[in-house]
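K.L.:
Structure below; questions to follow.
The values are calculated or read from the model by the stated rules, or taken from the named source; none is laboratory data. Predicted, not measured: the structure shown is a model, and the values here were computed from it. Using ideal geometry, Cβ is built from the backbone for each residue, glycine included, and neighbour counts are taken over all protein chains shown.
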Amino acid sequence: MKQLTLLTGLLAVILGAATVLHAKEITVRGKLQKTVEAGGWLIVGDTKYLILNSKQYEKNAWFKESTSVEAIGETKDVMTTFMEGTPFEAKSITPLREGDAQGVATPGREGRGTRVMVSGDSIIKAQPDTAILTIAVVTQGRRAIDAQQENATKTDAVVRAVKAAAGAGAEVKTSGYSLQPQRVYKENQPPTIIGYEARNSVTVTMGDLTKVGTVIDAAGQAGANDVAGINFTLRQDRQARDRALSEATRVAMSKAQVIAQALGGRVTRIVEVQEEGFQLRPPQPLYRMGVMTEQAAAVTTPIEVGTLEITSRVQLIAEVDQI
């Protein structure tokens, strides 16, 4: 009995020591590979390691199959469905250059620089080259056919007037049509239809921004009674986007260099660069949109275009080595 107790105690000590050794932090290098485990990923080198917490790294652009990575973490004594690799909980995972992954597990990082992640933002201004104007003709009648016929007559006149005012280079097209009954609601009674409203929207796309006010006036005089919206944009935006992206990258690089100098080192290489976003903010024209009136049509409509704002954001990971 004493021998059994002694043997049990000795076994517990051995298992405890094995657990401590198993929990030791290691560094794993290899290539990412999907696995049959539910939502699972492996780091495959000389040994396969199953990443237990892979979801927190999947948002990174570099986290994909065949990417060489280095991960620091601990192996875990857990059972998985297929046990395709050694269960491994990562504290950090970083991409490596091709050839750096040796597929080995070592007790620490050797001879590698510090990696810093920075972002750069830029805002540049540009003059819009295109105006998009939406004008509507709204008519009402006691019968649906009355509202439709009156609307058709006025819309035809508006389209002809707009084409003449906008010039040959403009694009004029119907962008929406609706015919809706007008109802009166009374308590404890079914709704009563008292008439119909027809709406026909016309969109004008034009490159001559000096004619926007003239087009609005011509449409109002021809029978249009609602301006649904005016939008100024940049149809040829590649040059402006490139400028914004270049400036955002320059800002990010400048930040990385400042951090490197503060750490007493220098940027030796860029590990990863990712464009995070691009946005074009149109100017708000100095024009009160809404229903046209005879008084508004009596004077020339002034439109001040303004400038566009193009924003860009870049994120990069730089490696810093000590000088």
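K.L.:
Could you go through region 153-168 and let me know if any residue there is not aliphatic (A, V, I, L, M) and not in a helix (DSSP H, G or I).
P.N.:
Scanning region 153-168, I find at least one residue that is not aliphatic (A, V, I, L, M) and not in a helix (DSSP H, G or I), so the answer is yes.
K.L.:
Right, another one. Kindly check whether there is at least one residue in region 169-183 that is touching a Lys or Arg at 6+ places or on another chain (Cβ under 6 Å), over 14 Å from Gly195 (Cα atoms) and either crowded, with 16+ Cβ neighbours inside 10 Å or in contact (Cβ under 8 Å) with a residue 24 or more places away in the chain (or both).
P.N.:
Looking for residues that are touching a Lys or Arg at 6+ places or on another chain (Cβ under 6 Å), over 14 Å from Gly195 (Cα atoms) and either crowded, with 16+ Cβ neighbours inside 10 Å or in contact (Cβ under 8 Å) with a residue 24 or more places away in the chain (or both), one finds at least one in region 169-183, hence yes.
K.L.:
Check region 17-26 and report whether any residue there is over 25 Å from Ile270 (Cα atoms), touching a Ser or Thr at 6+ places or on another chain (Cβ under 7 Å), outside the structural domain of Ile317 (by TED's automatic domain parsing) and at pLDDT 90 or above.
P.N.:
Scanning region 17-26, I find no residue that is over 25 Å from Ile270 (Cα atoms), touching a Ser or Thr at 6+ places or on another chain (Cβ under 7 Å), outside the structural domain of Ile317 (by TED's automatic domain parsing) and at pLDDT 90 or above, so the answer is no.
K.L.:
Kindly indicate whether Trp62 is aromatic (Phe, Trp, Tyr) and at pLDDT below 90.
P.N.:
So Trp62 passes the test.
K.L.:
Of the residues that sit in region 53-99 and are basic (Lys, Arg) and either closer than 23 Å to Val271 by Cα or buried (at least 17 other Cβ atoms within 10 Å of the Cβ) (or both), which one is nearest to the chain's Cα centre (by Cα)?
P.N.:
Among those that are basic (Lys, Arg) and either closer than 23 Å to Val271 by Cα or buried (at least 17 other Cβ atoms within 10 Å of the Cβ) (or both), it is Lys59.
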